[in-house]
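The structure appears below as structure tokens.
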Amino acid sequence: MTSNITPRIEINLQKIRHNAKVLKKLYGEKGIQITGVVKGVSANLEVARTLVEAGITSLADSKIANIKKMKTSGLKAKFMLLRTPALSEVKQVVEFADISMNTELEIIQALSAEAIRQNKIHSIIIMVEMGDLREGILKEDAPSFIREVLKLPGIQLAGIGTNFACFGGVIPTEKKMQEFSDFVSEIQQEFHIKLPIVSGGNSANYTWLMKTNDIGLVNNIRIGESILLGRDPASGKIIPGLYPDAFCFFAEIIESKLKPSVSSGIRGRNAFGESVSFEDRGLIRRAIAGVGRQDVWVPGLTPLLPVEILGASSDHIILNTKHIPMKPGDEVAFSLNYGALLSIMTSPYAHKKYLHQSSEKCDSLKKTSA
Ligand SMILES: Cc1ncc(COP(=O)(O)O)c(C=O)c1O
């Protein structure tokens, strides 16, 4: 039987601290300051505090509720809203975010009016589209856009930013990064301004960082995944010297039986509207873990034991445990990708357990009767 609560995510703060320190140094040596992106852990305060302790002075999240949570917790950092605010949230954005990313004049005008109302100056970063086709103004529209922004009271244009490899998977190559810096340089010349922040991307900029001899004007990169999971998302590779296993997820077996591998009866669509098919492997050891799609993006889980995920409904993950007999109360450990981490950390049903030694490891064998 298990003494721990499940579903449970174990969070090794020491490993996260190590990753943050190494990346801060790596980027810092090239003159780039990193902003720690905490949306992958739903701005978990223990993790956010760990990043601040590692020397990160700016934290970012895409949800204003998370920015508010961090700001009101007393964390000593600058807080960046990582997504353009919705018109309906400008009041909170001006109140809690030190800086927000923006792409719409109408919204910046609303931020300006709200900043005046709150007797504040709100800083913004204008996001520019460099090919990934998510957020960003087009480069050709930038001069007229910026001209209007610079007229707005209560708004400080703190910087220009761009984003890669989030929607279109577009890689921040040397050429793209050079184009971005050239563009920023043209804007600075045209408007006779020096922008304090030139924010050139995210964890996917790692390869560029390592290879480039010229970072251009970039002085900031917003980093989430490589701090949390030690990976360069563009290549999928682990960054040398970083921990990829700061998080480990545990689910508990609630049923385990020898059952057929193929369903019986006339088959329609399942609860998620999908048509499923089964390979006939005879009787198999089928175990059910008591967690499902309501809590976790199941395709992002990898079992640490040689068992197979057959599928999942909202509250059940169905496993083929192969040669491993399991019984109710046994735990199954999983490693997670970014999507799985994001979902579990957002789920109120997932219990969080903090580990403080980097030597502490997820050990599924320890937790599972063999
Ligand atoms: C605008 C923006 N910048 C940076 C990040 C951080 O990305 P990553 O976790 O790949 O470092 C994200 C995604 O979370 C984002 O949306």
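The values are calculated or read from the model by the stated rules, or taken from the named source; none is laboratory data. Computed from a predicted structure; not experimentally measured. Cβ placement follows ideal geometry from the backbone for every residue including glycine, while neighbour counts extend to all protein chains displayed. Just the protein is used for accessible areas: all its heavy atoms, side chains included, with ligands, DNA and RNA removed. Shrake-Rupley method; radii C 1.70, N 1.55, O 1.52, S 1.80 Å.
What the table below lists for this structure:
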{"item": "Flag if ARG231 is within 16 Å of the ligand (Cβ to nearest atom) and open to solvent by 30 Å² or more (accessible area, probe 1.4 Å)", "result": "yes"}
{"item": "Filter result for the condition that a residue is away from the ligand (no atom under 16 Å from the Cβ) and open to solvent by less than 10 Å² (accessible area, probe 1.4 Å), over ILE32, ILE67, ILE11", "result": "ILE11"}
{"item": "Lone qualifier among LEU304, LEU319 - being at pLDDT 95 or above and open to solvent by 10 Å² or more (accessible area, probe 1.4 Å)", "result": "LEU304"}
{"item": "The stretch 105-149, subset among the polar types (S, T, N, Q) and within 19 Å of VAL184 (Cα to Cα), residue most open to solvent (accessible area, probe 1.4 Å)", "result": "SER144"}
{"item": "Selection from the stretch 234-259 of residues that are open to solvent by 40 Å² or more (accessible area, probe 1.4 Å) and either under 20 Å from LYS322 (Cβ atoms) or of a type in the set (A, V, I, L, M) (or both)", "result": "ALA234, ILE238, GLU252, ILE254, GLU255, LYS257, LEU258, LYS259"}
{"item": "In the stretch 76-104, residue farthest from GLN156 (Cα to Cα) [restricted to those that are open to solvent by less than 70 Å² (accessible area, probe 1.4 Å) and among the acidic types (Asp, Glu)]", "result": "GLU89"}
{"item": "Selection within the stretch 310-335 - within 24 Å of the chain's Cα centre (by Cα), over 14 Å from SER256 (Cα atoms) and not in a loop (DSSP other than H, G, I, E, B)", "result": "ALA312, ALA333, PHE334, SER335"}
